[in-house]
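Read-outs: derived from the displayed coordinates by stated rules, not from any lab. These numbers come from a predicted model, not from an experiment. Every residue, glycine among them, receives a Cβ derived from its backbone with ideal geometry; neighbour counts consider all protein chains shown.
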Amino acid sequence: MKSKGSRIYPAAMLRFQEACIEECRRVTETHSPEEMKRISLSMAETLANPKGALPKPVVRLTPQRLFFRDLFFDYNELFDSYQLLVDFVSLTTTKLRKGSTVLPAQLTRFWRESYLHEFYIFLCRIDQFIEHVRKFYASDQRVFRVSVFLRKSIKKHLSDLEDMRGSHVHKYSYHHVDPELNRLSLLEMLVVYGRSNALRPHYFRAIRNARAATRKSFQQFNLVAKDALKAVFGSFNRYLLDDAHRLIYPSSLPTKPIHRGRV
């Protein structure tokens, strides 16, 4: 994990993640034996039910635990979204099985459109994380100012990708705004359906070029996503983590439990 993470994940993001994992350990250790028994039973009931029964409330949450649960959930959503972007690079190397009715141009279009969808989701997740941190630490003006700056900066620098996704979804098919894919689709129609043997070398070369370009584009976009995460966690960590890299809870949280739910 560390060797891979050092290349893929920003160091500041991993520091925040380690702080959350350590806090999760600490919170778990504070449960009484009876609470741990009820948690275990709830998990067993959920796993045993094929329909995925909702777990019963098991502990009375303090505002601190509720805060941590929501913060960790938001982080996990963002982490999963970024991880999927990373995985797209490997997924695009998947080869069609022999005799498949899916054609290379269709598959290339699927990967490129799907990636744009997932990048849009990533932008939503990162914006949601920033906004939730702002609300969690509403009493800290430093966090508020950083949150406003990050949201504006990311929106400004990544709006082109968001617009690209919106254009092909709402206005026209993706291949109309992608010259390479448009050319591949035309060659595919002439070679596969028109049986033009003279164009076959051009068609297969276009397939190889499209695959390479798709992989390269995803790698470049992922670097943009990584830089955004580096900016977010590099900015927030100085206010959310102490010198020992432990999570700092908002000072404005009340002290009495407010409802029942899962940790």
**OP:** Would you mind checking which residues have amide H under 5 Å from Ile248's amide H? H placed 1.01 Å from N; only 5 or more apart, or other chain.
**Re:** Leu241, Asp242
Original post:
For the peptides 77-89, 201-213, 239-251, what is the packing order when you average, over each peptide's residues, the other Cβ atoms within 10 Å and list the highest mean first?
Top reply: 77-89, 201-213, 239-251
Subject >> Segments 218-229, 92-103, 181-192 sorted - mean Cβ within 10 Å per residue, highest first >> reply: 181-192, 218-229, 92-103
Subject >> Residue pairs, from the table Lys135/Lys156; Lys152/Lys226; Lys95/Lys230; Lys98/Lys226, whose Cα atoms sit over 29 Å apart >> reply: Lys95/Lys230; Lys98/Lys226
